[in-house]
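Enquirer: Below is one structure. I have some questions about it.
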Amino acid sequence: MKISRGKFLIILGVLMVVIDQIIKVLVKTNMTLGESIPVFGNWFQIFFIENEGMAFGMKFGGMAGKLILTILRIVLFSFLVWWISRLMKKPGTPMGVLVGLALISAGALGNLIDCLFYGVIFSESLYSEVAVFGGHYAPFMFGKVVDMFYFPIIDTTFPEWMPVIGGNPFRFFAPVFNFADSCVTCGALYLILFHFKYFSKEA
């Protein structure tokens with residue numbers, strides 16, 4: 001039985017969001033804030049932090065900034081869904097383009113779920129206490145995004161004799177991110193590397 005492009009994209013998107021949410025719920029309900037579990041030594045760790053702002057741990061403007069970012073996530077996700085549905089109506093749209101946009105959409109939705117609902121369904125994660133279902137640590141739309149993937153492949157300190165930077169720590173790729181961030185990044189890179197010609201033609 002041949003599956004339609006629309007059904008395939010929906011299944012792919014739902015699968016990515018479900019995987020993202022399972023990972024986040026497991027981390028949030030089993031780890032204290034700041035707890036780290038080594039996977040491949042210190043090179044790859046499950047390191048639980050909560051992100052109040054953008055992807056990869058970046059922050060933006062307190063409560064007002066948080067509200068703006070949540071609204072922007074809603075707008076972005078809505079636009080992506082509209083764009084995908086529009087492109088699907090064009091017979092010449094490559095499946096790869098739709099898959100790339102679906103991955104970005106799934107990532108956007110995964111982090112949006114955290115922002116919208118986590119504050120009203122979980123207790124607050126603390127450095128000494130694991131969160132539980134049934135709490136309420138923030139209003140609707142003000143939840144924190146759960147991040148956990150940490151790859152400090154190079155984690156060292158500059159020698160003291162080096163001017164200016166001597167004695168300062170150096171980490172290669174310090175941001176902590178989640179599965180949804182990976183979906184967005186992989187989807188965007190895939191489109192840039194393999195389908196930039198399609199978007200140039202569309203423009």
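The values are calculated or read from the model by the stated rules, or taken from the named source; none is laboratory data. Just so it is clear, the model here is predicted, and its values are computed rather than measured. Don't worry about glycine lacking a Cβ; one is built from the backbone with ideal geometry, like all the others, and counts go over all protein chains shown. Side chains included, ligands, DNA and RNA excluded: accessible areas come from the protein's heavy atoms. Shrake-Rupley method; radii C 1.70, N 1.55, O 1.52, S 1.80 Å.
Enquirer: Please work out the Cα center distance from the stretch 86-121 to the stretch 128-165, rounded to the nearest Å.
Expert: 25 Å
Enquirer: Then there's this: Helix 179-194 against the longest principal axis of the chain: what's the angle in degrees, Cα atoms only, rounded to the nearest 10?
Expert: The helix 179-194 is inclined about 50 degrees to the chain.
Enquirer: Using mean Cβ contacts within 10 Å as the protection proxy, how do 73-85, 100-112 order, highest first?
Expert: Packing proxy ranking, top to bottom: 100-112, 73-85.
Enquirer: If you line up the long axis of helix 62-88 against the longest principal axis of the chain, both from Cα atoms, how many degrees apart are they, to the nearest 10?
Expert: Here the helix axis deviates by roughly 30 degrees.
Enquirer: Return the sequence-ordered ³J(HN,Hα) values of the stretch 33-46 in whole Hz as given by the Karplus equation 6.51 cos²θ - 1.76 cosθ + 1.60 applied to θ = phi - 60°, using x for Gly and Pro.
Expert: 4, x, 6, 10, 10, x, 9, 10, x, 8, 6, 9, 10, 8
Enquirer: Round to the nearest 10 and give me the degree value, 0 to 90, for the angle of helix 5-28's Cα axis relative to the longest principal axis of the chain.
Expert: Taking the Cα atoms of the chain, the angle to 5-28 is about 10 degrees.
Enquirer: Here are a few candidate values for Kirkwood radius over Cα pairs in Å: (i) 18.2; (ii) 17.3; (iii) 18.7. Which one was actually calculated from the structure I just gave you?
Expert: Identified label for the calculated read-out: (iii).
Enquirer: Between Ser85 and His136, what is 0.36 nm times their sequence separation minus the Cα-Cα distance? Round to one decimal in nm.
Expert: Values: separation 51, 0.36 × 51 = 18.36 nm, distance 3.60 nm.
So the chain would gain 14.8 nm between Ser85 and His136.
Enquirer: Let me ask another. Can you flag which of Lys7/Lys201; Lys2/Lys197; Lys24/Lys144; Lys90/Lys201; Lys89/Lys201 are past 19 Å Cα-Cα? Intermediate results must be reported in sequence, preceding the final value.
Expert: Working: Lys7/Lys201 26 Å; Lys2/Lys197 28 Å; Lys24/Lys144 11 Å; Lys90/Lys201 14 Å; Lys89/Lys201 17 Å.
In this structure, Lys7/Lys201; Lys2/Lys197 lie more than 19 Å apart at Cα.
Enquirer: For the stretch 107-203, what % of the accessible area comes from carbon and sulfur atoms, probe 1.4 Å?
Expert: Details: 3850 of 5460 Å².
Here it works out to 71 percent.
Enquirer: While we're here: Near the amide H of Phe44, under 5 Å away, which other amide H atoms are found, from residues 5 or more places off or on another chain, if H is placed in the peptide plane?
Expert: So Phe44 has HN proximity to Val39.
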